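Please treat every number below as a calculation from the coordinates, not as lab data. Treat the numbers as computed from the prediction; the structure is a model and nothing was measured. Positions of Cβ are backbone-derived with ideal geometry, glycine not excepted, and every protein chain shown enters the neighbour counts.
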Amino acid sequence: MNQRSDEILLDVQDLKMYFPVTRGLLRRKVADVKAVDGVSFKLKRGETLGLVGESGCGKTTVGRCILGLYKPTAGKILFEGEDIATMPEKKLRKIRSRMALIFQDPYSSLDPRQSAGSIVGEPLKIHRMVSTKQEYNERVEQLFRIVGLDPSMADRYPHEFSGGQRQRIGVARALACNPPLIVCDEPISALDVSIQAQIINLLEELQDRVQGLSYLFIAHDLSVVRHISDRVAVVYLGHIVEICRSRELYENPLHPYTRALLSAVPIADPFVEEKRERIILKGEVPSPLNPPPGCPFHPRCFEAIAECSQISPGLQDIGGGHEVACIRVPGYRISA
């Protein structure tokens, strides 16, 4: 069993990622799209943190900043104690073998011209993890077995595999360099429901077998995140509005947005489903190009008061590690 430790693997501090909007022949900047606007969280070694929210809320952008695919506008990303947000590209290249990404789409994320074995083994060559051809072949064969694929399939091409098998190839590729951190960017949303459970179970089994393996699991489906995450962070319009232990979030959601999301998750028991409250949010998600003042959720919030449009609440621990950003939550202290 993979033991959770108190060692902080990843510490994201006030992360901001703004994309400039330009106009005219001179490409003059006229505004910013605030995709991520002050996100902070910590991920312990061996832990799974679920990052949940609607499409366009900034979840994937957070993951790409952590992986070094985007250079953040502001903030710190401390990975194993080093700030990779401002790290030079040459130094960052050495650290990239310590983190990996599982893509959302198992169809477009695999090179159709490469064999499955070549796709899985490519990180080994790029990061020089093996020194001989035999060592390379043995590691690729081992990775195929770890994810439940027959090594004899290594010579096949992506189009010869099913969607679930392609995602297993993606998982094997992510594991190639034994990274302590894997960012899972909606890894099951493009798969059939029957296959989704298999991939979730595979990820959990891998975490039990690989000591210290941590996941940042990005998803929009709260029912999926519940089964794999130790803690869950709810994201809205580039902000984390609530973060706590997974069980606590589902049993005692505090932020109005979290409660609305959970009310939309279907329950198998028809009697419970019929009686429970459904929260229908009004309006559309505001544009990150022109976010509302105060609390980002207040234009759609069913509990909003006048102060919500003036006060921008930060995350606050209201007890037991349950952090929430809402002045309407009992126990939240409004700073002067």
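With the helix formula -39500 (n - 2.57) applied to DSSP H stretches of n ≥ 4, the chain reaches a computed 222 nm mean residue ellipticity of -8500 deg cm²/dmol.
With 20 Å bins beginning at zero, the pair-distance distribution over Cα atoms of the chain amounts to 29, 56, 16, 0 %. Distance between the modelled labels on Met129 and Ser152, one decimal in nanometres: 2.6 nm (7 Å Cα→Cβ projection).
For the stretch 81-239, a/c is not less than 1.5, where a ≥ b ≥ c are the root eigenvalues of the C-alpha gyration tensor, and a/b does not top b/c. That puts it in the oblate class. You can think of it this way: the chain between Gln211 and Lys91 has 40.6 nm of extra reach, that is 0.36 nm per residue less the Cα-Cα gap. Seen from Thr22, the other residues with C-beta closer than 9 Å to its C-beta sum to a net charge of +4, counting Lys and Arg as +1 and Asp and Glu as -1.
Separation of the alpha carbons by more than 18 angstrom is noted, of Lys34/Lys90; Lys44/Lys94; Lys16/Lys76, for Lys34/Lys90; Lys44/Lys94. Applying the Karplus relation 6.51 cos²θ - 1.76 cosθ + 1.60 with θ = phi - 60° to the stretch 235-241 yields 3J(HN,Hα) values of 10, 9, 6, x, 10, 8, 9 Hz, where x marks Gly and Pro. When the Cα positions of Ser115, Val232, Leu203 are compared along the charge dipole of the chain, Ser115 comes out farthest toward the positive end, with charges on each C-beta of Lys, Arg, Asp and Glu. For the stretch 205-316, the square roots a ≥ b ≥ c of the C-alpha gyration tensor eigenvalues yield an a/c of 1.5 or more together with a/b not exceeding b/c, which makes the shape oblate.
Ordering Tyr18, Cys326, Gly81 by Cα displacement along the dipole of the chain toward the positive end leaves Tyr18 in first place; charges were set at the Cβ atoms of Lys, Arg (+1) and Asp, Glu (-1). Rounded to the nearest 20 debye, the dipole size of the chain about its Cα centre is 1240 debye, using +1 on the Cβ of Lys and Arg and -1 on the Cβ of Asp and Glu. Here r is the Cβ-Cβ distance between Asp83 and Val193 and R0 is 51 Å; the resulting FRET efficiency, rounded to 0.05, is 0.80. Only aspartates and glutamates eight or more places from Lys91 in sequence, or on another chain, were considered; those with a Cα closer than 12 Å are Glu82, Asp83. Residue ranges 130-141, 94-105, 252-263 sort as 252-263, 94-105, 130-141 when ordered by packing (mean number of other C-beta atoms within 10 Å per residue, highest first). Take the Cα of Ser55, go 7 Å toward its beta carbon, and the backbone nitrogen atoms of the stretch 193-217 under 18 Å from that spot belong to 193.
Compared with the alpha-carbon gap, the fully stretched path from His227 to Ala264 is longer by 11.6 nm at 0.36 nm per residue.
Each Lys or Arg adds one and each Asp or Glu takes one away; over the other residues whose Cβ falls under 10 Å from the Cβ of Pro296, this sums to +1. Compute the length gained on full extension between Gln13 and Asn178: take 0.36 nm times their separation in residues and subtract their Cα-Cα distance, giving the result in nm to one decimal. Gain on extension, Gln13 to Asn178, equals 56.8 nm. Cross-link partners of Lys125 among aspartates and glutamates, defined as those whose alpha carbon lies under 17 angstrom from its own and excluding same-chain residues fewer than eight positions apart: Asp111, Glu135, Glu138, Glu141.
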